[in-house]
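Engineer: Sharing a structure with you now.
Quick note: the coordinates plus some simple rules give every number you see, no bench work behind them. No experiment lies behind these values; they were computed from the predicted model shown. With ideal geometry, Cβ positions are generated from the backbone for all residues, glycine too; neighbour counts draw on all protein chains shown.
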Amino acid sequence: MTGGLRDILSPSRLTHIVDVGASRSCGDWPYTAMLNAGLCHLTGFEPGPEALLELQRTRGPNESYLPYALGDGTPQTLQVCPPPGGMTSLLEPDPTTQGLFTLFDPFGKVIERLPIQTHRLDDIGEIEHLDLLKIDIQGGELAVFQNGREKLAEAVAVQTEVSFITLYRDQPSFGDVDLELRSQGFVPHCIPNAVKRWVIGDFVVGGSPSRPLNQILETDIVYVRNFFDPDAMTAEQLKHLAMISHHCYGSFDLAFRCVQLLQARGAVGTASAQRYLDIYRRAVRHKSALWRAQNGATRLKHRLRASAAKWTRSPGRGR
């Protein structure tokens, strides 16, 4: 299943992915399956010495990592926040907004300020191609987009964190990021993970101070090259958009559309669309079987726990 789509498309090179803020502490990456299957090359940016060392120590054959902090190319100050460092940013935390979300108190205080030189994405010579940009740098994303327009002209997808409520001073909002990416020819495609919600103030829901109600805070959002204007994309771009849509996000409809467009151009074989549908059906069956197995294991675990609890409560037990 992992190599079938590539066989249909026959792109001229591996899909090139750039990850800005590539720490493994964030869990699995959306491109993990592609990377493990040898279908892409990853260039990661991680200016933190310890995180960079860990990435370099465990990297695979199609991975390279650079120690640069991306931005507008000027010297700046890194605001270091307490471990695990999720609030560390080039921007200063905003005490007004963070003060309304009191659960940030332990993590949003600056404990150290370090001078750091930022680099423009367009100036990074190590990046020869860019198909998917994944970025999460706590409010600094817009500066990377604005200073990476030449590199991003080739890209077909961007996954970025966006903030509905800004937690840093002078932080660009979701609207600012959306306007910039649209101006570069991208359109919103999907929200791959849950939208983060946060409880306002010290209100407590059901005895749990960390349980949110409705206030949305931030999320990751995926933008793709405007497929409503496919003539603006080369055949190679369509091929990599199909690979990313299929393998990273399960957007089989978008991948199928790309294959159809390529077939109409004569850039792939005449039966490619049908071949892709066969691949899709196998992928769905595989995922369904995996879900059933995982769901069955979870249900069995609950039954065993319930039986064990009932057994320990039975009259006469423990005498």
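Engineer: How high is the FRET efficiency from residue 173 to residue 116, r the C-beta distance, R0 22 Å, rounded to 0.05? Mind dumping the intermediate values first?
Structural biologist: Details: r = 24 Å, r/R0 = 1.09.
For residue 173 and residue 116, the calculated efficiency is 0.40.
Engineer: Shape call for the stretch 23-81 from the C-alpha gyration tensor, a ≥ b ≥ c root eigenvalues: rounded (a/c under 1.5), prolate (a/b greater than b/c) or oblate? Provide the component values of the computation, followed by the final result.
Structural biologist: Details: a/c = 2.23, a/b = 1.92, b/c = 1.17.
Verdict is prolate for the stretch 23-81.
Engineer: Under 1.5 on a/c is rounded, so check that first for the stretch 62-177, then, if it is not, pick prolate when a/b is larger than b/c and oblate when it is not; a ≥ b ≥ c are the square roots of the alpha carbon gyration tensor eigenvalues.
Structural biologist: prolate
Engineer: Quick check on the chain: helices-only [θ] at 222 nm, where DSSP H runs of length 4 and up contribute -39,500 (n - 2.57) each and the sum goes over total residues. Nearest 500, please.
Structural biologist: Values: 10 runs with 118 residues, N = 319.
One gets -11500 deg cm²/dmol as the mean residue ellipticity at 222 nm.
Engineer: So what is the relative contact order of the stretch 4-313, in percent, for Cα pairs below 8 Å that sit 6 or more residues apart?
Structural biologist: 16 percent
Engineer: Figure the gain on full extension for residue 231 and residue 72 (residue separation times 0.36 nm, minus the Cα-Cα span) and round it to one decimal in nm. Each step should come with its number before you reach the end.
Structural biologist: On the way: separation 159, 0.36 × 159 = 57.24 nm, distance 3.15 nm.
Extra length available between residue 231 and residue 72 comes to 54.1 nm.
Engineer: Next up: Roughly how many whole Å is it from the C-alpha centroid of the stretch 193-239 to that of the stretch 78-122?
Structural biologist: 21 Å
Engineer: Taking the square root of 5 times each eigenvalue of the Cα gyration tensor, what semi-axes in Å does the equivalent ellipsoid of the chain have, largest first?
Structural biologist: Details: eigenvalues 248, 202, 70 Å².
Semi-axes (√(5λ), whole Å): 35, 32, 19.
Engineer: Another question, then. Determine the shape class of the stretch 133-281: with a ≥ b ≥ c the square roots of the Cα gyration tensor eigenvalues, call it rounded for a/c under 1.5, and otherwise prolate if a/b is greater than b/c, oblate otherwise. Walk me through the numbers before you get to the answer.
Structural biologist: Details: a/c = 3.80, a/b = 1.78, b/c = 2.13.
It comes out oblate by the Cα gyration axes.
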